[in-house]
1. When you check residue 346 against the structure, is it under 30 Å from residue 130 (Cα atoms), at pLDDT below 95, within 20 Å of the chain's Cα centre (by Cα) and not acidic (Asp, Glu), yes or no?
2. Considering only residues that are of a type in the set (Phe, Trp, Tyr) and over 12 Å from residue 12 (Cβ atoms), look in the range 294-337 and name the one that is least open to solvent (accessible area, probe 1.4 Å).
3. If residue 23 passes every condition in (1) surrounded by fewer than 24 Cβ atoms within 10 Å (Cβ to Cβ); (2) polar (S, T, N, Q); (3) closer than 30 Å to residue 192 by Cβ but one, which one does it miss?
4. Go through the residues of the range 157-176 one by one and say whether even a single one is acidic (Asp, Glu), open to solvent by less than 60 Å² (accessible area, probe 1.4 Å) and farther than 25 Å from residue 369 by Cα.
5. Can you name the residue in the range 343-370 that is among the hydrophobic types (A, V, I, L, M, F, W, C) and part of a loop (DSSP other than H, G, I, E, B) and, of all such residues, is surrounded by the fewest Cβ atoms within 10 Å (Cβ to Cβ)?
6. Scanning the range 68-85 for residues that are in a helix (DSSP H, G or I) and at pLDDT 95 or above, which turns out nearest to the chain's Cα centre (by Cα)?
7. Can you pull out every residue in the range 298-311 that is over 8 Å from the mean Cα position of the chain (by Cα) and more than 18 Å from residue 340 (Cβ to Cβ)?
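The values are calculated or read from the model by the stated rules, or taken from the named source; none is laboratory data. In this text, all values refer to a predicted model and were calculated from it rather than measured experimentally. Here the Cβ positions follow ideal geometry from the backbone for every residue, glycine too, while neighbour counts run over all protein chains shown. Just so you know, the surface numbers come from the protein's heavy atoms only, side chains and all, with ligands and any DNA or RNA stripped out. Shrake-Rupley method; radii C 1.70, N 1.55, O 1.52, S 1.80 Å.
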Amino acid sequence: MAKEQISIFDMFKIGIGPSSSHTLGPWRAAQRFISDLEKQVPLDRVAEMKVLLYGSLAKTGVGHGTDIAVLLGLSGEDPVTIPVDEVLPTADRIKLTQKLVLGGKQEIRFSYEEDLLFLFEQSLPFHPNAVTFQALLSNGRAISETYYSIGGGFVVQENDTQSVLSEIDLPFPIESAQELVVSCMRTGLKISELVLENECAWRSESETRSGVLTIFDTIKECVYKGCHTEGVLPGGLHVERRAARMNKRLLKDRDYHDYASWVQAIRQGGTDFGYILDWVSCFALAVNEENASFGRVVTAPTNGAAGVIPAVLQYFIVFHDGFTDDKIIQFIATASEIGSIFKKGATISAAMGGCQAEIGVSSAMAAAALTEALGGSQRQALMASEIAMEHHLGLTCDPIGGLVQIPCIERNTMGAIKAITASQLALRSNPDKAKVSLDAVVSTMWDTAQDMNVKYKETADGGLAIKVPLSLPEC
């Protein structure tokens, strides 16, 4: 069986919030179904469409925008390019007119109430996040496919066990942290350098660098926009945005006109501990407030945890003079390798492992990336990653109302702060004296995930989700 080969661009995907597993994944599954369908029959032969959402996709689907995602994916819209202010109006128009244009080409009748089914009590065995698309043809034939959104925007088709990328000969095939450190020690390469060598097996170095900087541009725009947008988040919880108010208060009327001058304005405030702490929280809040508003974010490695790595990267840029292309690429490349180790050895899906699989993994990724970027050794970077995850073990996923807002948004601030603390500890420590390895904590996380009660796995059936009385639509 082919081993899973994961690129930087698998761990970091550009998409629309609020959830990588419940929004981006189903969106990609819908696109994939239309593409596969069109290879079998002309779209003008399709008379009806049915969409069946199972398990976690059903239980928290409305709160996570799964319904919106599948409508837009079937319509041929792409999460990378669709203007964010068209996401909700386009979905609303489909619901109102009961007309869906398959792949942007063939109009059919589609009733939101009758053709999009939430199967709350049914779950498929392979993964809790399952969706089935059924195309009923004019000749009476039906074409049906089932897809699983397995976290971080990754999608697999039923009975499809292929790796994320076609298996090729990578110079450094890595399955575990131990293999990573051995390769680094043998070659003298940093983690980021090893990652970039592997990326060259898929594309040129210039293409990889350009792609990573495009990822950073999206992160940068998301942080900046989130820090300058006020209002109330959609969904019925009436959560007020905080990042813009914090940004204004912390800057104290200092002048700026774009992202670069904003960074300079932040630096002018000094390096007081409380000041820096407030900014890290502000950066994380900004991203996840955008995510909750169907904004464009980068999975890092998921949408629900999308604020941790940007917050720590922004901290590095502002307070450690990390605002260069090389340093940003180094940071993102290192983070991606740690994320891939967790995905291969455990999971990055909250529906499989609770929030430890999202916030915990993102904190571990950020901790390692910051440690290498600040001059730490390969083993110190892995130590930082282990420390960060060790103190997220057992974290449950219990979104109130099925929305990626409470406690999800604040959890990103906690994950970012823990990542910075873990990095500082590792940089001041000798990895030879570490008692817990990264591989041990990855294995422990997976064991914990399997032992965790299903109600704490992104179902809104346990934890805070049932302790906070709210009047919300059933989701």
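1. On the way: under 30 Å from residue 130 (Cα atoms): yes; at pLDDT below 95: no; within 20 Å of the chain's Cα centre (by Cα): yes; not acidic (Asp, Glu): yes.
So residue 346 fails the test.
2. Let us first name the residues in the range 294-337 that are of a type in the set (Phe, Trp, Tyr), namely 294, 315-316, 319, 323, 331.
Then keep just the ones that are over 12 Å from residue 12 (Cβ atoms); that gives 294, 315-316, 319, 323.
Values: 294: 24, 315: 23, 316: 4, 319: 35, 323: 79 Å².
Per the criteria, the residue is 316.
3. (1)
4. Checking the range 157-176: at least one residue is acidic (Asp, Glu), open to solvent by less than 60 Å² (accessible area, probe 1.4 Å) and farther than 25 Å from residue 369 by Cα.
5. First, the residues of the range 343-370 that are among the hydrophobic types (A, V, I, L, M, F, W, C): 346, 348, 350-352, 355, 357, 359, 361, 364-370.
Of the ones still in play, those that are also part of a loop (DSSP other than H, G, I, E, B) are 346, 348.
Numbers: 346: 25, 348: 28.
In this case the residue turns out to be 346.
6. Step one: list which residues in the range 68-85 are in a helix (DSSP H, G or I), which gives 68-74, 84-85.
Those left that are additionally at pLDDT 95 or above: 68-74.
Numbers: 68: 18, 69: 15, 70: 18, 71: 20, 72: 19, 73: 18, 74: 22 Å.
Across the range 68-85, the extreme among qualifying residues is 69.
7. 307, 310, 311 - these are the residues of the range 298-311 that are over 8 Å from the mean Cα position of the chain (by Cα) and more than 18 Å from residue 340 (Cβ to Cβ).
Residue by residue, here is whether (1) closer than 24 Å to residue 60 by Cα; (2) among the aliphatic types (A, V, I, L, M) holds:
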{"site": "340", "(1), (2)": "no, no"}
{"site": "355", "(1), (2)": "yes, no"}
{"site": "361", "(1), (2)": "yes, yes"}
{"site": "365", "(1), (2)": "no, yes"}
